[in-house]
2 protein chains.
Amino acid sequence: MRLSRYFLPILKENPKEAEIVSHRLMLRAGMIRQQSQGIYSWLPLGKRVLDKVNAIIREEQNRSGAVELLMPTLQSAELWQESGRYDDYGKEMLRIKDRQERSMLYGPTNEEMITDIFRSYVKSYKNLPLNLYHIQLKFRDELRPRFGTMRSREFLMKDAYSFDLTKEGALHAYNKMFTAYLRTFDRLGLRAIPMRADTGPIGGNHSHEFIILADTGESEVFCHKDFIDFDIPPVDTDFDSVDGLQSIFEKWTSRYAATSEMHDEAAFAAIPEGDRLSARGIEVGHIFYFGTKYSEPMGASVTGPDGKEHLVHMGSYGIGPTRLVPAIIEASHDENGIIWPKSVAPFDVSVINMKVGDAACDAASLEIYQKLGNAGLDALYDDTDDRAGAKFATADLIGVPVQVIVGPRSIASGEVELKDRKTGARETMSIEAAINKITA
Amino acid sequence: MRLSRYFLPILKENPKEAEIVSHRLMLRAGMIRQQSQGIYSWLPLGKRVLDKVNAIIREEQNRSGAVELLMPTLQSAELWQESGRYDDYGKEMLRIKDRQERSMLYGPTNEEMITDIFRSYVKSYKNLPLNLYHIQLKFRDELRPRFGTMRSREFLMKDAYSFDLTKEGALHAYNKMFTAYLRTFDRLGLRAIPMRADTGPIGGNHSHEFIILADTGESEVFCHKDFIDFDIPPVDTDFDSVDGLQSIFEKWTSRYAATSEMHDEAAFAAIPEGDRLSARGIEVGHIFYFGTKYSEPMGASVTGPDGKEHLVHMGSYGIGPTRLVPAIIEASHDENGIIWPKSVAPFDVSVINMKVGDAACDAASLEIYQKLGNAGLDALYDDTDDRAGAKFATADLIGVPVQVIVGPRSIASGEVELKDRKTGARETMSIEAAINKITA
């Protein structure tokens, strides 16, 4: 992408409304724009990161055996009256009347709708287990949306819903998502710690939040520091292995970890002092097993091997992509801007032409840009007529992992500079060596 | 994907509510489910096709130089009051009050919001031309939603918005989209004919609808039959060439073509009778140039090379992916089901194991399934314990282009059958030959 043809509205000033660093940096880097209170546009740079986050979530959901569909944003109130949650949900639910005065709502979550889909089609235990997920917009009419897309009203959620014949089956489904979540957050460059959690309006009695530690987190959390070094389940994890996944679950719940709602002072005090971590955290995922809470009122049952009807055991599993993007920034930035993990960087490399109009700089920059593109990399070519200093600041701000700097002095000897955004390390080398290093 | 682990709720009976073939086939093939009047879930098979359609739209938008972002679904009423359209839009606009009694709406289109984004950031002609697009849900509260996702209330739209300093620039932007649309529909397996169109509530005076001919189309259309054989602009079309794109535009508007609203009986009668096409059509895209209709009331201007402020000239360009899916089916099906063009098929190939439990059938089917997967193809492996006849019917219904049929008799001599869904042609060959043929 040539920057001169892109839409990257960088802000030079720190926006006053931003209280936390990720919000500030997302506004400054031209990633998002607030349209109404708690409702955001994702500008092109932000959209790219969001897409990469979604792609990783999707890959890991698919790997675990979950199947993707897409439910709509608007739901009928009747469905929620069936489950009994229509009145429970309070003012966070955005209630709507359509032109025919039918009561609708903008879905804050989809337990009712997916249960309705399930009961319409699935009649036999032979079609189980089943886990269906979608990545779809949700709306929760928070009184105080804040921190940019970290707590917005219209937001994206990946929500998965599992259906099993028995509680044991449902707990295996739970462990599949537990494992998929560990892998997902790791691939996003985050260390997420599963913590026993309160179930709130979703319900159920077996639930974990995945929390990343960050000073700006909204929740106070307490855990054993062993979590920092636990191994992540590998790519070839067998999701069909009940015992294998149970041992991953047990390992990752073998140490104390709790949010303040679930905190047990005495248990925490029993940990050797040097091993205690008391910090602030950001919730990036939440999983629930809730048995027959929805299948019972909504009549979602299947014929079992015994020929009898059985209510299905369900769980639901949420990740918020539009919250993950700022969470990644909270975990990875410096005073100059964002430092993207490679897996979600909006571009793989920035090519910075220090002197547009200089024949040697133009030719070398274009050559590098095209060769990186041919090698399958996504390069952002800064071919604007900004000053070199402004270009460096922009490149640092938007946090692309590698910068190739093409300047008139070094290009005279056929060389360019390579800068690693994270370490700040710079190296001078030939064009060919630079391309080889980046594409290696 | 193993069918035993997938969610493909095939309906055996023809659903009564479906009036047109695409709606019937989408319901029968388990692609969609109505959740409320005119509001649909896209079940896994449908979601796959929708994703492929979106990917092609996105590639062609990007090729033409448009830049992707993502605006939210909910908008503030104030924006629409600025443009003057808040009252104009009537009951099709879904109006909402949030918990703080602010007037919101579910966006039926995004001219106002994108103009607001533009005016916030772009101040100079140097940042033009610019074309921003998103693929996002829209809501139009139609009184009579019908034909499944062909005319639904909540639907997906790709909408692009161009900004230029001058009318000439804007017409070049228009031609870019015109050309991108010709390529997009062609890649989707459709022959779309651009027809001069009425501009409706979007406004402006230069507009084309892209119409595909289908017996079930809602509009009556009239055109010259030369359109059927016109060449599609090639992949290496230079979108920066003003003259090149203008000549594509002129070629594709050189013959008579009009919807009934714009029909000129006399002009049509002047065409030699054998060259007249009078048919029904489905609108799959609509493009508009509307000059300063929004930039003027909303104050979207840039400094020109002359140092003065100039209102920007705008256009907008829509394609409905959730309508395109049924449109493709209308254009490509037979009495047994859907016949997907390769480019949007939910799977590349179906592997049908006629006798699950037979060691030779199981081994051969698995081998073929895995080798096709390793070759980068998306295969659906029917490993269910349905009867062979039901499996054949399902494969035909869901319309995957190629079927590999593994039966106990032919596998005894190491052979399988290959069936082309479109022609119905069957060939018997070795496993290796079958894999080579499919992956060629």
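Residues being touching a Lys or Arg at 6+ places or on another chain (Cβ under 9 Å), surrounded by fewer than 13 Cβ atoms within 10 Å (Cβ to Cβ) and either of a type in the set (Asp, Glu) or in contact (Cβ under 8 Å) with a residue 24 or more places away in the chain (or both) are entirely absent from the stretch A:247-260. Checked against the criterion of being outside any loop (DSSP other than H, G, I, E, B), of a type in the set (D, E, K, R) and within 24 Å of residue B:129 (Cβ to Cβ), the stretch B:228-237 has no qualifying residue. Out of all the residues in the stretch A:76-96, is one or more farther than 30 Å from residue A:296 by Cα, surrounded by fewer than 21 Cβ atoms within 10 Å (Cβ to Cβ) and either free of Cβ contacts under 8 Å to residues at least 40 places away in the same chain or in contact with a helix residue (DSSP H, G or I) (Cβ under 9 Å, 6 or more places away or on another chain) (or both)? Checked against the condition, which is being farther than 30 Å from residue A:296 by Cα, surrounded by fewer than 21 Cβ atoms within 10 Å (Cβ to Cβ) and either free of Cβ contacts under 8 Å to residues at least 40 places away in the same chain or in contact with a helix residue (DSSP H, G or I) (Cβ under 9 Å, 6 or more places away or on another chain) (or both), the stretch A:76-96 yields no hits at all. Would you say residue A:274 is out of contact with any Gly (no Cβ under 9 Å at 6 or more places or on another chain) and either part of a strand (DSSP E or B) or not hydroxyl-bearing (Ser, Thr, Tyr) (or both)? Spelling it out, residue A:274 is indeed out of contact with any Gly (no Cβ under 9 Å at 6 or more places or on another chain) and either part of a strand (DSSP E or B) or not hydroxyl-bearing (Ser, Thr, Tyr) (or both).
For the criterion of being modelled with pLDDT of 95 or more, within 19 Å of residue B:318 (Cα to Cα) and of a type in the set (Gly, Ala, Ser), residue B:124 fails. Selection over the stretch B:36-55 of residues that are closer than 15 Å to residue B:320 by Cα, more than 7 Å from every other protein chain (Cβ to nearest Cβ) and among the charged types (D, E, K, R) gives a count of 2. Residues that are farther than 22 Å from residue A:299 by Cβ and out of contact with any Gly (no Cβ under 9 Å at 6 or more places or on another chain) were ranked within the stretch A:151-172; the one that is surrounded by the fewest Cβ atoms within 10 Å (Cβ to Cβ) is A:168. The residues in the stretch A:12-21 that are within 25 Å of the chain's Cα centre (by Cα) and within 13 Å of chain B (Cβ to nearest Cβ) can be counted, and the count is 1.
A residue that is within 14 Å of chain A (Cβ to nearest Cβ) and either under 15 Å from the mean Cα position of the chain (by Cα) or assigned to a strand (DSSP E or B) (or both) occurs nowhere in the stretch B:199-218.
Scanning the stretch A:97-126 for residues that are surrounded by 18 or more Cβ atoms within 10 Å (Cβ to Cβ), within 22 Å of residue A:169 (Cβ to Cβ) and among the polar types (S, T, N, Q) turns up A:110, A:115. Considering the stretch A:325-437, the qualifying strands (runs of 3 or more DSSP E), each wholly inside and each with 3 or more residues that are surrounded by fewer than 23 Cβ atoms within 10 Å (Cβ to Cβ) and free of Cβ contacts under 8 Å to residues at least 60 places away in the same chain, run over A:415-420, A:426-430. Annotation note: of A:24, A:33, the sole residue that is within 13 Å of chain B (Cβ to nearest Cβ), modelled with pLDDT of 95 or more and over 18 Å from the mean Cα position of the chain (by Cα) is A:33. All of A:238, A:231, A:215 fail the test of being at pLDDT 95 or above and over 28 Å from residue A:166 (Cα atoms), apart from A:231. Restricting attention to the stretch A:261-280, the residues that are surrounded by 13 or more Cβ atoms within 10 Å (Cβ to Cβ), without any contact (Cβ under 8 Å) to a residue 60 or more places away in the chain and in contact with a helix residue (DSSP H, G or I) (Cβ under 8 Å, 6 or more places away or on another chain) add up to 1. If the condition is being under 21 Å from residue B:332 (Cβ atoms) and crowded, with 16+ Cβ neighbours inside 10 Å, then the stretch B:220-229 contributes B:221, B:223, B:227.
When each of A:200, A:148 is tested for being within 28 Å of residue A:40 (Cβ to Cβ), buried (at least 21 other Cβ atoms within 10 Å of the Cβ) and small (Gly, Ala, Ser), the lone residue that passes is A:148. Of all residue pairs spaced 6 or more apart or on separate chains, those with beta-carbon atoms under 9 Å, a first member in the stretch B:217-229 that is within 26 Å of residue B:325 (Cβ to Cβ) and a second member that is in a loop (DSSP other than H, G, I, E, B) and of a type in the set (Ser, Thr, Tyr) are B:223/B:256. Against the criterion of being over 29 Å from the mean Cα position of the chain (by Cα) and either acidic (Asp, Glu) or outside any loop (DSSP other than H, G, I, E, B) (or both), residue A:261 does not qualify. Does the stretch A:316-324 include one or more residues that are in contact (Cβ under 8 Å) with a residue 24 or more places away in the chain, loosely packed, with under 15 Cβ neighbours inside 10 Å and out of contact with any helix residue (DSSP H, G or I) (no Cβ under 6 Å at 6 or more places or on another chain)? No, because not a single residue in the stretch A:316-324 is in contact (Cβ under 8 Å) with a residue 24 or more places away in the chain, loosely packed, with under 15 Cβ neighbours inside 10 Å and out of contact with any helix residue (DSSP H, G or I) (no Cβ under 6 Å at 6 or more places or on another chain). Among the residues examined, residue B:171 qualifies as farther than 16 Å from residue A:44 by Cα, under 26 Å from the mean Cα position of the chain (by Cα) and either within 13 Å of chain A (Cβ to nearest Cβ) or not charged (D, E, K, R) (or both).
The values are calculated or read from the model by the stated rules, or taken from the named source; none is laboratory data. Quick caveat, the model's predicted, so the values are computed rather than measured. Please note: Cβ atoms are built from the backbone with ideal geometry, for glycine as well, and neighbour counts cover all protein chains shown.
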